[in-house]
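Asks: Quick one: this structure, given as structure tokens, is what I'll be asking you about.
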Amino acid sequence: MTSRSAWIVSLALLAGCSGHQGQLTDTDPDYRREAIAAKTGAGDRSENPAIAAKLLNDPDSLVRAQAAVKLGESRDPEAVQFLAQALTDRDEHVRWDTVEALEKIGDSSVAPKVVDVLVRDENPNVRRVAARCLGTLGDRAAIPALIEALSDPDYSVSSAAATALAAITGQGFGRDKANWKAWYEGTPSPEAPK
């Protein structure tokens, strides 16, 4: 896209119309991203099925990432099922934006899938946002995985895991894995009879 056409498209988007069709089906991935970005934010969920289709099927990773961001902004619980499928996307940026979208929606039912990302993803940035997301979701079932993440070779991941553990438990052992393990082993299971 030339700078002149980019300027025209920008003006059209600012004016609330599209000089270019800007459709989700356009052959140009830049226009598909712009079409997704132009969709209404939180509260308007009418476009979410089409955006979810882009998240799962678009060949361009930047379009898929933009779709994840927009679904997160919608805070639509119905989007969780599509976002959960995108947690295994081949592109790390899509996985990163997907985890952040799930964090914004805040549906703790997806916590086991986010734990899987924390444990298995090869990218430390994705693991870091997964740990942070688990702290936001507050699911106590994530505690063992977060304790293990304290040993992550990437400091940002282990630090995010410590912060998440503190958020979930109210305890303050920092990155001290031994103290977290001892505390966890001495804590009754939430499922245990009282």
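Asks: Please sort by residue number the GluC sites (Glu not before Pro) in the stretch 102-193 whose DSSP state is loop and whose Cβ has at most 11 other Cβ atoms within 10 Å. Intermediate results must be reported in sequence, preceding the final value.
Replies: Details: sites: Glu103, Glu122, Glu148, Glu185, Glu191; in loops: Glu122, Glu191.
Those that pass, being in a loop and sparsely packed, are Glu122, Glu191.
Asks: Also, quick follow-up: Expected output is a single nm value to one decimal: the length gained when fully extending between Glu148 and Leu56, i.e. 0.36 nm times separation in residues minus the C-alpha distance. What is it? List each step's numbers first, then the result.
Replies: Working: separation 92, 0.36 × 92 = 33.12 nm, distance 3.05 nm.
Value of the extension gain: 30.1 nm.
Asks: I would also like to ask the following. In percent, what relative contact order does the stretch 114-194 have, based on Cα pairs under 8 Å that are 6 or more apart in sequence?
Replies: Dividing the mean separation by the residue count of the stretch 114-194 yields 26 percent.
Asks: Can you compute the modelled spin-label distance between Gln23 and Glu92, with each label point 7 Å from Cα toward Cβ, in nm?
Replies: 3.6 nm
Asks: Among all the aspartates and glutamates, which ones have a C-alpha under 14 Å from Lys70's C-alpha, if same-chain residues fewer than 8 places away are not counted?
Replies: Within the straight-line cut-off, Lys70 pairs with Glu34, Asp44, Glu47, Glu78, Asp97, Glu100, Glu103.
Throughout, read-outs are computed from the coordinates displayed, never taken from laboratory work. Note that this is a predicted model, so its numbers are computed, not measured. Cβ coordinates were reconstructed from backbone atoms using ideal geometry, including for glycine residues, and neighbour counts include every protein chain displayed.
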